[in-house]
Amino acid sequence: MSLIVQKYGGTSVGSPERIRKVAARVSHYHAQGDQIVVVVSAMSGVTDNLIKLAKEIMPLPNEREMDMLLATGEQTTIALTAIALHALKVPAVSLTGAQAGIVTDGVHTKARIQNITPDRVHELLDARNVVIVAGFQGQTNEGQITTLGRGGSDLTAIALAAALKADLCQIYTDVDGVYTADPRLVPGARKLEEISYDEMLELASLGAKVMQSRSVEFAKKFGVIFEVRSSLNDNPGTIVKEEAKNMEDVVVRGVSLDKNQAKVTLVAVPDQPGVAARILKAIGEAHINVDMIVQNISHGSGKPTDLSFTVDKPDLLKAEKLIDSLKPDIGFGRVIATDNIAKLSIVGVGMKSHTGVAGKMFDALAREGVNIEMISTSEIKVSVVVDLAKAEQAMRAVHAAFLGNPKAT
Ligand code: ADP
Ligand code: ASP
Ligand code: MG
């Protein structure tokens, strides 16, 4: 008997028909005698619609109330999935995140899991029930409902798999696994049999929304091996695990594109020690993630300089407001905010031991006439900011340069 955590994303539970299909798959595993915990997302489009509704009323709604609102999406799906299992005569009980013992900190809309006490889940499993847990949500010690950031059902599944010491963790989605690039944007993308946590983490945090990046971080920390696979067929998926020796043979494992980025430029910032720190500290304290940061060299000592950084698109308004509030104190010039950008990245652990990778990427971009606005690199990735309008074309060109030839992987 195995304990299996299965997570089904929005498309996989996007209609009553799809929910019935999920129930059929779950009942198959249950009939084999396995203990099954099912984590579900909101039906596709539901979370986006709820956000839209709130923003129609007010552009920057209160984050506690947003969590209250967004948690309803997953609560609908757990009940529907339990009902679909009951229709197949499979005993099933749905639990909210709080009922499953998921305790988080109080950072609304981006809460972190602090601990999980899954006693109730164990009790229900021991009584042969399928346990269906609402993804994406938890509760603080004070009883406030929280959510775990967009795509957070992945994190619920991985964290539950760790807490329950599950034998298997399966992430069911609408593609067959993790590809060398988003198969919807790059027709030549190929499915990977396996990928290391580090590569998956980079791809995910750089825009490959097939996995939420924080969930991969969590999996790496607790050594949860998981499989990303399709809820629409039985094809083997992609195994995500610790790096194996031969993984470094491949220079570029994948290409990702993040269209959810925005760029803020502060013009004429005083070139003095501590100024960038004050700006970025304030941004950090507001829980706004900053990714790339570029400061131009000032022309002559004491002359002002320009400071640019990228933030997640949904945080742009919040960031702009915050920066406006710092202006009188710090005394910079104009603030230019644009969301017409995208971040394109290549990722691979093999970059550690290969040279010339960035040059090859920039060359591919130059041949497409794509201008590079910002650059950042790490041991296993190169990222560039490009014009949003040319981003997909740029992605295909870079994919072709590194992964176009099947022998290259
Ligand atoms: P779910 O609702 O199941 O959580 P998501 O929409 O969050 O699914 O993630 C699956 C989507 O991720 C796919 O439909 C695909 O378009 C996208 N995606 C982006 N990058 C990749 C990649 N490298 N491999 C596979 N899918 C990717
Ligand atoms: N429903 C949430 C979202 O759309 C969580 C998830 O789907 O994983 O972001
Ligand atoms: Mg997802």
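Name the GluC sites (Glu not before Pro) in region 156-235 that are in a loop by DSSP and that have at most 13 other C-beta atoms within 10 Å, would you?
Values: sites: Glu193, Glu194, Glu199, Glu202, Glu217, Glu227; in loops: Glu193.
Here the GluC sites (Glu not before Pro) that fit, given the DSSP loop and packing criteria, are Glu193.
Kindly point out which whole DSSP H helices in the chain project their C-alpha atoms 18 angstrom or further along the helix axis while averaging a Kyte-Doolittle hydropathy of -0.5 or above. Don't skip to the answer; put the middle values down first.
On the way: long enough: 16-31 (22 Å, -0.79); 63-87 (37 Å, 0.34); 316-330 (21 Å, 0.09).
The answer, listed by residue number, is 63-87, 316-330.
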Taking alpha-carbon centroids only, region 327-382 lies from region 209-234 a number of Å equal to 26
Semi-axes a, b, c in Å (a largest) for the chain, each sqrt of 5 times a Cα gyration tensor eigenvalue, come to 39, 27, 18
When the chain is treated as a Gaussian network with springs between alpha carbons less than 10 Å apart, the largest mean-square fluctuation among Asp363, Asp249, Asp234 is found at Asp234
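For the chain, give me the percentage of DSSP beta bridges that are antiparallel, rounded to the nearest 5 percent. Write out the running numbers ahead of the final one.
Numbers: 42 of 69 bridges.
Rounded to the nearest five, the antiparallel share is 60 percent.
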Placing +1 on each Lys and Arg Cβ and -1 on each Asp and Glu Cβ in region 125-221, then taking the dipole about the Cα centre, the residue among Leu155, Phe218, Gln139 whose Cα reaches farthest towards the positive end is Gln139
Which of Asp324, Asp154, Asp34 fluctuates most in a GNM of the chain (C-alpha springs under 10 Å)? That residue is Asp324
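Relative to the Cα centre, what is the charge dipole magnitude of region 97-187, using +1 at the beta carbon of each Lys and Arg, -1 at the beta carbon of each Asp and Glu, and rounding to the nearest 20 debye?
The dipole of region 97-187 has a size of about 140 debye.
Using a simple charge model, +1 on the beta-carbon of Lys and Arg, -1 on the beta-carbon of Asp and Glu, nothing else, what dipole does the chain show about its Cα centre, in debye to the nearest 20?
On the way: 44 positive and 47 negative charges, 91 e Å.
With Lys and Arg at +1 and Asp and Glu at -1, about 440 debye.
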Residue separation between Asn141 and Arg367 times 0.36 nm, minus their alpha-carbon distance, gives in nm 75.9 nm
In terms of the charge dipole of the chain, which places +1 on Lys and Arg and -1 on Asp and Glu at the beta carbon, the residue among Pro187, Ile83, Gly300 farthest towards the positive end is Pro187
Given unit charges at Cβ for Lys, Arg (+) and Asp, Glu (-), the dipole magnitude of region 1-151 about its Cα centre in debye, nearest 20, is 480
Checked against the positive end of the charge dipole of the chain (+1 on Cβ of Lys and Arg, -1 on Cβ of Asp and Glu, about the Cα centre), the farthest of Val46, Leu365, Asn62 is Leu365
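Is the shape of region 127-183 best called rounded, prolate or oblate, per the rule: a/c under 1.5 gives rounded, else a/b larger than b/c gives prolate, else oblate, with a ≥ b ≥ c the square roots of the Cα gyration tensor eigenvalues?
Numbers: a/c = 2.45, a/b = 1.37, b/c = 1.79.
Oblate, because a/c is 1.5 or more while a/b does not exceed b/c.
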Any GluC sites (Glu not before Pro) in region 350-409 that lie in a DSSP loop and have at most 10 other Cβ atoms within 10 Å would be Glu379
If one builds a Gaussian network model of the chain from Cα atoms under 10 Å apart, the most fluctuating residue listed among Asn129, Asn62, Asn260 is Asn62
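As a check on your grasp of the helix formula, calculate [θ] at 222 nm for the chain: sum -39500 (n - 2.57) over DSSP H runs of n ≥ 4, divide by the residue count, round to the nearest 500.
The helix-only estimate for the chain comes to -11000 deg cm²/dmol at 222 nm.
Rule-based calculations on the coordinates, nothing more; no lab input. All values reported here derive from a predicted model rather than from experimental measurement. As a convention, Cβ positions derive from the backbone with ideal geometry for all residues, glycine included, and neighbour counts pool all protein chains shown.
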